[in-house]
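Throughout, read-outs are computed from the coordinates displayed, never taken from laboratory work. All of these numbers come straight from a predicted model, not from anything done at the bench. Don't worry about glycine lacking a Cβ; one is built from the backbone with ideal geometry, like all the others, and counts go over all protein chains shown.
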Amino acid sequence: MRKHHLFVLSVLVVTLTTLALASQAAAAARSLRHGRRGHGALLRAPGTRWRASTLALRQAPLPFLTAIARSARLAVALSAPRRAPARYVPAGGPWLALRECESGDNYSINTGNGYYGAYQFTAATWWSLGFTGLPSDAPPSQQDLAARVLQARAGWGAWPACSVMLGLR
């Protein structure tokens with residue numbers, strides 16, 4: 001049903017553009033008939049009369065073709081199949097083991113001991129990494145990113161007990 005609506009919309013846009021262009025051409029033709037010199041008068045051979053369609057193509061081919069191209073692009077863009085947003089898959093391997101050791105793999109944990117989130121960051125560490133708020137309120141992807149940045153800066157020692165227990169250092 002959606003594709004049908006998009007097709008109708010694109011046809012409507014092209015039709016309205018064509019009508020506007022034809023109206024413009026008719027106005028130019030009336031101007032020529034009444035002796036007024038406009039853009040069309042410069043293109044008209046002496047002693048001849050332009051038909052509205054010929055005058056329209058001579059006067060405004062670019063806006064007409066641009067409108068057709070825009071409506072075609074719009075129809076194609078709107079009728080393209082939509083992909084479901086990719087669901088975030090938390091990091092596995094040593095990161096999963098570290099999360100399970102630190103927080104039981106609970107990204108939203110806040111036990112009130114001054115450590116927050118799956119990797120049990122302190123607020124000061126979280127903020128020093130450039131993040132705002134508390135880690136326990138951040139999405140898993142952001143916590144995983146922060147853990148990787150912290151590990152690159154400080155090594156596995158940033159998680160002293162669990163990294164030793166897991167054999168990471």
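Quick look at the numbers
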{"item": "Point-to-point label distance, Trp127-Ser108, nm (Cα→Cβ direction, 7 Å offset)", "result": "2.5 nm"}
{"item": "Label-point separation, Leu168 to Arg73 (7 Å along Cα→Cβ), nm", "result": "4.8 nm"}
{"item": "Which of Phe131, Phe121 has the fewest Cβ neighbours within 10 Å, and the rest in rising order", "result": "Phe131, Phe121"}
{"item": "Whole-number percent relative contact order across the range 94-165, with pairs defined as alpha carbons under 8 Å at least 6 apart", "result": "24 percent"}
